[in-house]
Amino acid sequence: GKQPTEVMFLSSISAVIGREKGSQAMRLVHARGVWWTFEHPRKDDDMGAWGKDISSRLGHFRQAKRQSQRLTHSTIAHIRDPKNLRRMNNRRLRRIVHRWLPCLDPCMGDVRASSSAFALSRRLSGLKDPAPWRGEREFTGNLVDRDKLADVSDPELQEAQGAHWSEHVVRYLKCCQSIPEELALDFSLTLRMGAPDGLKRLIWPLAAGDAVEAPKVVTRAGASITSTTYKDPDTLYQGVLHRAFGDVRPDKLQDPVPTFCQGISGMDEAPPLRAVVKHLSLLTQNGEMALRRLLWVIQLTTHQVEFCPFLPNLIATLLAFFEEAETMMIVTGILREAEKEPHPDKASNLRITWNSVQINKQAKVFLREGQKKNIAPEALAHLQELGFDLHALAVEMLQDGLATRIPFRALCRVVGSFLREGSEVILRYGLALLKLREPQILTCKTKEEAQKVLENLGEGMTTCRAIDRLSKAAFSFVVKDFSMARVSSFWGSDYVAPRTGDYKAHMFCRPRLFPPRGHCPDELWAALWAWVPTSCRIFDPHLVYTPSTHGTSLRTCLEICKKNQESPMIFFAYTREGDVIGGFSPNIFVRTNGYFKLRDLRRPAEDAFVFRKLHTKTAPEVFCWSGMNDMLLKASEIDGLIFGGDAAAVAINRDMNRATTSSSSSFGSPALVMPLLEEEEESAGEEERIPKDKSSVELCGK
């Protein structure tokens with residue numbers, strides 16, 4: 001560093017370093033990379049307070065610099081004219097000064113905030129000039145990587161968003177469980193210009209419906225008590241987790257997880273989570289696991305959500321600032337409001353679009369409004385000339401809430417308004433992106449050039465000025481009718497049309513488990529449960545026998561099964577090599593004289609299947625009942641447990657320590673596993689093993 005040779009303006013300082021408690025010096029970093037060390041003449045003076053005060057004012061000084069550049073000589077002459085000063089009262093003079101010097105608020109404690117504050121501050125303050133909120137602008141949750149979040153954050157943006165909320169408003173909102181109807185419009189107008197991270201935990205839940213932190217209610221006696229109608233997120237979430245998973249919660253949830261992308265021709269059936277959530281890297285490992293768990297909970301407890309790629313992106317954005325239970329409470333409130341809509345396909349403003357029919361209609365409304373004169377008709381016409389399917393393009397933009405098109409901080413601005421105003425916000429921001437990028441689109445000569453522009457519509461929208469410009473453009477459009485009642489329901493493009501032909505949807509389901517849990521991996525349960533018939537998936541599986549607990553006596557096994565002789569079963573056999581084989585039967589193993597007679601089954605034999613999960617494979621293979629014979633199962637102390645006939649698919653000996661598997665006609669299945677011979681162990685390595693017609697393997701006794 002070096003000593004400055006001229007006046008140093010705080011508006012040009014980009015950061016203040018060394019302002020920790022107990023520091024004797026601080027470093028002022030210039031926007032161009034030059035820095036100076038600032039020491040107080042009194043060596044015993046703590047620089048922490050100085051550094052905190054200066055850093056809190058940097059945003060105001062930068063704002064003042066921008067405003068002063070707009071100050072004309074005529075305006076200065078008008079303010080300096082004594083005649084004009086005599087005609088202006090103190091409040092009007094202060095308002096004029098604040099217009100050009102917004103940095104006065106943090107520098108002068110006795111000066112009130114500008115009367116040009118946003119709607120909610122003016123409404124709650126009445127005739128008084130609202131004092132700006134002076135709390136911390138920054139906040140990070142426990143599930144987000146703080147360094148990565150700091151890389152995509154702009155301190156000036158945080159400062160500008162915090163200036164829209166006054167101290168009076170913040171104190172009032174802390175006492176609210178929901179926003180009163182008479183303040184709803186003012187609250188929405190203020191929220192459109194964003195909220196700093198330090199206020200998101202207070203403002204965003206209120207925007208969605210209910211507070212996640214207990215509001216404080218002041219009694220007539222002046223005491224502060226907690227609201228009696230407050231619902232604790234942790235308590236509610238524990239109940240939802242029990243409803244989804246039972247008493248045993250999965251430790252690891254791997255791909256595929258429900259991303260609500262299936263069903264349309266233009267998207268993969270079960271894409272990995274990282275391909276759907278653009279900003280997933282901002283979350284920690286615990287944050288990503290919380291996101292996966294929340295998606296599974298919604299899939300298992302809410303059956304209305306069919307197609308909604310925006311939902312994983314919404315949850316990932318909320319997890320950056322909220323705990324897992326709080327995020328679930330916010331999302332649940334949104335979904336419940338959507339369920340109350342009597343005619344969602346005809347609504348003017350959907351709470352959230354959650355099926356392909358709704359996104360198909362929303363894309364048509366998007367194109368209808370975009371082709372109007374004051375928005376982006378030339379850009380859309382040019383894209384159509386280049387060969388784009390405009391409807392498919394609109395669906396791609398809107399389906400994930402613009403998450404793949406804009407930076408994270410711009411997405412936070414969209415999410416904040418969406419929580420309050422619904423899916424209309426996404427449509428407005430999509431139109432604003434097209435309008436702002438219209439000059440670049442019109443310069444494209446080929447479809448490839450235009451595709452690059454469309455993939456980076458939000459490029460550069462990371463600063464305060466750029467995001468504010470986007471927000472103002474989004475809400476500057478006069479849209480008289482967003483109603484979908486008169487929008488045609490035919491598919492606007494092949495992209496959004498349902499899959500046809502031999503298409504089979506990936507079914508995301510898993511059972512509720514209770515202790516004792518057994519040794520079946522979570523991912524195997526999730527894969528197999530979809531093959532279990534619907535009439536049996538309504539039941540919760542309970543472990544009734546395992547050799548490690550009940551011993552290896554076949555007699556004991558059959559006696560335990562006798563107590564559940566009318567129940568279906570799913571059984572697992574674990575080999576020492578790490579393979580898992582087993583099957584599902586409409587009836588549990590019972591003592592038989594020969595094969596169990598199919599006419600005595602309470603459920604059809606067509607529901608039965610066998611499976612194998614080789615340790616060299618990532619997914620299990622399932623072989624369903626073929627109907628080639630009537631040999632389903634038999635069991636006795638002499639023969640052991642046999643599943644399948646014309647060579648058993650799975651046969652476990654009476655000592656319960658070996659299993660034999662053969663090519664079975666009952667299921668059309670090959671031998672499910674093949675043991676490695678001792679002389680082949682070294683040469684096999686990582687090569688895939690090929691099952692033969694019959695093999696016998698040793699069980700590990702789990």
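The values are calculated or read from the model by the stated rules, or taken from the named source; none is laboratory data. Just so it is clear, the model here is predicted, and its values are computed rather than measured. No Cβ is skipped: glycine too gets one built from the backbone with ideal geometry, and neighbour counts run over all protein chains shown. Protein only, heavy atoms only, side chains kept; ligands, DNA and RNA dropped before computing areas. Shrake-Rupley method; radii C 1.70, N 1.55, O 1.52, S 1.80 Å.
In the set 602, 555, only one residue is among the basic types (Lys, Arg), under 20 Å from residue 630 (Cα atoms) and open to solvent by 50 Å² or more (accessible area, probe 1.4 Å); that residue is 602.
Of the set (1) of a type in the set (Phe, Trp, Tyr); (2) in contact (Cβ under 8 Å) with a residue 40 or more places away in the chain; (3) open to solvent by 60 Å² or more (accessible area, probe 1.4 Å); (4) farther than 16 Å from residue 362 by Cα, all apply to residue 503 but (2). Out of the stretch 619-639, which residues are under 14 Å from residue 528 (Cβ atoms) and either touching a Pro at 6+ places or on another chain (Cβ under 6 Å) or open to solvent by 50 Å² or more (accessible area, probe 1.4 Å) (or both)? Within the stretch 619-639, 619, 621, 624 meet the criteria.
Candidates 589, 611, 596: the one that is farther than 26 Å from residue 296 by Cα, in contact with a helix residue (DSSP H, G or I) (Cβ under 7 Å, 6 or more places away or on another chain) and among the aromatic types (Phe, Trp, Tyr) is 589.
Can you tell me which residue within the stretch 248-299, out of those that are of a type in the set (Gly, Ala, Ser) and closer than 16 Å to residue 144 by Cβ, is surrounded by the fewest Cβ atoms within 10 Å (Cβ to Cβ)?
281
Within the stretch 547-579, being touching a His at 6+ places or on another chain (Cβ under 9 Å), touching a residue at least 40 places away in the same chain (Cβ under 8 Å), of a type outside the set (D, E, K, R) and closer than 25 Å to residue 609 by Cβ holds for 557, 572, 574, 575. A single entry from 386, 431, 402, 398 fulfils the requirement of being buried (at least 19 other Cβ atoms within 10 Å of the Cβ), aliphatic (A, V, I, L, M) and either in contact with an Asp or Glu (Cβ under 9 Å, 6 or more places away or on another chain) or at pLDDT 95 or above (or both): 431.
Restrict the check to the stretch 580-596 and report whether at least one residue is free of Cβ contacts under 8 Å to residues at least 40 places away in the same chain, open to solvent by less than 60 Å² (accessible area, probe 1.4 Å), over 21 Å from residue 543 (Cβ atoms) and assigned to a loop (DSSP other than H, G, I, E, B). The answer is yes; a qualifying residue exists. Taking each residue of the stretch 296-310 that is free of Cβ contacts under 8 Å to residues at least 40 places away in the same chain and looking for partners that are in a helix (DSSP H, G or I) with beta-carbon atoms closer than 7 Å, six or more apart or interchain, yields 302/335. The requirement of being at negative phi and not in a loop (DSSP other than H, G, I, E, B) is fulfilled nowhere in the stretch 485-493; no residue meets it. Counting the residues of the stretch 466-479 that are modelled with pLDDT under 90 and open to solvent by 60 Å² or more (accessible area, probe 1.4 Å) gives 2. Exactly one residue out of 173, 189, 199, 183 is aliphatic (A, V, I, L, M), out of contact with any Ser or Thr (no Cβ under 7 Å at 6 or more places or on another chain) and open to solvent by 60 Å² or more (accessible area, probe 1.4 Å): that is 189.
Here residue 483 does not fit the description of being within 30 Å of residue 155 (Cβ to Cβ), modelled with pLDDT under 90 and either open to solvent by 80 Å² or more (accessible area, probe 1.4 Å) or of a type outside the set (Lys, Arg) (or both). Being over 30 Å from residue 541 (Cβ atoms), free of Cβ contacts under 8 Å to residues at least 24 places away in the same chain and in a helix (DSSP H, G or I) is a description that does not apply to residue 480. The helices (runs of 4 or more DSSP H) found entirely in the stretch 151-194 that carry 2 or more residues being closer than 18 Å to residue 132 by Cα and within 25 Å of the chain's Cα centre (by Cα) are 155-162, 184-191. Can you tell me which residue among 327, 317, 332 is touching a Cys at 6+ places or on another chain (Cβ under 9 Å) and either in a helix (DSSP H, G or I) or closer than 24 Å to residue 207 by Cα (or both)? After applying the criteria, what remains is 317.
Among the residues of the stretch 282-296, the ones that are assigned to a helix (DSSP H, G or I) and within 19 Å of residue 409 (Cβ to Cβ) come to 2 in all. Do we have residue 373 as at pLDDT below 90 and surrounded by fewer than 22 Cβ atoms within 10 Å (Cβ to Cβ) here? Against the criterion (at pLDDT below 90 and surrounded by fewer than 22 Cβ atoms within 10 Å (Cβ to Cβ)), residue 373 qualifies. The residues of the stretch 638-648 that are of a type outside the set (Val, Ile, Thr), at pLDDT 90 or above and out of contact with any Ser or Thr (no Cβ under 8 Å at 6 or more places or on another chain), listed by number, are 640, 641.
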